[in-house]
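Take a look at the structure set out below.
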């Protein structure tokens, strides 16, 4: 435990003794701030004259402003996350400091959890920015505070899942650039997959003329692919959660997602023992 | 203190280290000598648990490197060849991070960092950012890092490479002093350095041990033609040449 904490502190501090931490948090604050302002202005206009925007009556605040804004914050983390995770292990390898980590009395878990916690620390700093926005919301709008708190937790969980994937990719790469690019590519593929899945029909894509057994098999494979494409993307689970709808399976999804990639990171670090 | 038997490291079809065996007794300072690419660093990496051995066994301070790596790592101070440091960190902060990882109790950390800083002559530099240090001082920070926790075994991979003559003299002096209380395995390809520092020499070439003996015996031994080898240099050349003849 002590060593996890030591690795985590060193890593977290290194974000803020280099410009990296400030750039990442600053960019996040700028983008989410602009997004927040724009959507707030839009919502104010809609409330003034709903009919101009084809709404009947004042639209639901949580559905129209809060939830899309929180999902948007999550999406921004999708863009910025690779900048946080790319250095975690790839840079140690690039600079050779991995040799220090490997020859000091550290277990793999100290390294993996230490690094992951440090990236979660960065995420927590970014959540402070989101919290500021939500405090503004809480001040001007009559919303349940629980909904706002849960909103922050949603974005945090989503970000934590992104970061676990980034950490894994970083453990595979030996330079930051490859790690960052690869991570971003994976995030984007997941995102596009989610967007495409909305258009996937429920019907079996095999032609009706084919034998029943083949059709059944294709239908089964297609069904699995379709539900994966719908459920796997990280933003798919955030939309409802961000409105304060607590569904345990969404939370479990994020935790399992992160646990899976942390597991892969362990295996990737361990592979040095059998790969020459 | 260090006991190696049949240690082999293969990178694919290439055998970087082939079946080497040697012992280092407590309190000894042993030079690990060889041309570039002979397998010195690979052997040292295997001893410190940084890379696994393909075959063979290495015991350090009574523990098996393969099965009890943490126990070994607690007892070894390692200075890798290209001193890896976090450039953005302040020297004293870096050393106290290492102290924390090496299980130095919280209350004793400050004193321990102070001790190694003094030992390595870093007093003036302890509040400087590592990235702004000269090569010589970085080397010392690397050495200080290895000394934290006062490990009984020190493994130093080319500690004087890339330093200016004055720094070389200083670091040799430090190593000589360290040898009084630590077992030291030191690699280098600078022959006079070995002559100055070491009790015993292991000459390694193309992944094999070509010769191992005390300094006196090596330089006193006779060559194949019956000529007396006056210096370590002659002994080294003879060992390396003999190995090449076997290969052919």
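The values are calculated or read from the model by the stated rules, or taken from the named source; none is laboratory data. Values in this document were obtained by computation on a predicted structure and should not be read as measured data. Cβ atoms come from the backbone with ideal geometry, glycine included; neighbour counts cover every protein chain shown.
Scanning the range B:121-134 for residues that are crowded, with 18+ Cβ neighbours inside 10 Å and either at pLDDT 90 or above or within 17 Å of residue B:162 (Cα to Cα) (or both) yields a count of 2. Scanning the range A:267-276 for residues that are in a helix (DSSP H, G or I) and surrounded by fewer than 17 Cβ atoms within 10 Å (Cβ to Cβ) returns A:267, A:270, A:271, A:272, A:273. Any residue that is within 14 Å of chain B (Cβ to nearest Cβ) and assigned to a helix (DSSP H, G or I) - is there at least one of those in the range A:194-209? Scanning the range A:194-209, I find no residue that is within 14 Å of chain B (Cβ to nearest Cβ) and assigned to a helix (DSSP H, G or I), so the answer is no. Just one of (1) surrounded by fewer than 18 Cβ atoms within 10 Å (Cβ to Cβ); (2) closer than 24 Å to residue B:37 by Cβ fails for residue B:216. It is (2). Mind checking whether some residue in the range A:130-139 is on the phi < 0 side of the Ramachandran plot and within 16 Å of the chain's Cα centre (by Cα)? Within the range A:130-139, one or more residues are on the phi < 0 side of the Ramachandran plot and within 16 Å of the chain's Cα centre (by Cα).
For the range A:109-136, the candidate set comprises residues that are at pLDDT below 90 and surrounded by fewer than 21 Cβ atoms within 10 Å (Cβ to Cβ); within that set, the residue that is farthest from the other protein chains (Cβ to nearest Cβ) is A:136.
Of all residues in the range B:1-50, those satisfying the criterion of being closer than 29 Å to residue A:108 by Cβ, touching a strand residue (DSSP E or B) at 6+ places or on another chain (Cβ under 7 Å) and not in a strand (DSSP E or B) are B:1, B:39, B:40, B:41, B:42, B:43, B:44, B:46, B:47, B:48.
Which one of these is surrounded by 24 or more Cβ atoms within 10 Å (Cβ to Cβ) and closer than 29 Å to residue A:42 by Cβ: A:140, A:79, A:162? On inspection, the qualifying residue turns out to be A:162. Restricted to helices (runs of 4 or more DSSP H) entirely inside the range A:1-94, those with at least 1 residues that are away from chain B (no Cβ under 14 Å) and more than 25 Å from residue A:108 (Cα to Cα) are A:19-48, A:67-85.
Note on the range B:73-84: residues that are part of a loop (DSSP other than H, G, I, E, B) and more than 7 Å from chain A (Cβ to nearest Cβ) amount to 2. Determine whether the range A:215-237 contains at least one residue that is in a loop (DSSP other than H, G, I, E, B) and surrounded by fewer than 17 Cβ atoms within 10 Å (Cβ to Cβ). Yes, some residue in the range A:215-237 is in a loop (DSSP other than H, G, I, E, B) and surrounded by fewer than 17 Cβ atoms within 10 Å (Cβ to Cβ). Does residue B:96 meet the test of being more than 29 Å from residue B:195 (Cα to Cα) and more than 10 Å from chain A (Cβ to nearest Cβ)? Judged against the criteria, residue B:96 is not a match. Do you know which residues across the range A:95-108 are crowded, with 17+ Cβ neighbours inside 10 Å and part of a loop (DSSP other than H, G, I, E, B)? The answer is A:97, A:104, A:105, A:106.
For the range B:54-72, give me each residue that is crowded, with 18+ Cβ neighbours inside 10 Å and either under 16 Å from residue A:101 (Cβ atoms) or at the interface with chain A (Cβ under 10 Å from one of its Cβ atoms) (or both). The answer is B:69, B:72. A count restricted to the range B:1-31 and to residues that are within 18 Å of residue B:60 (Cα to Cα), within 14 Å of another protein chain (Cβ to nearest Cβ) and surrounded by fewer than 22 Cβ atoms within 10 Å (Cβ to Cβ) stands at 1.
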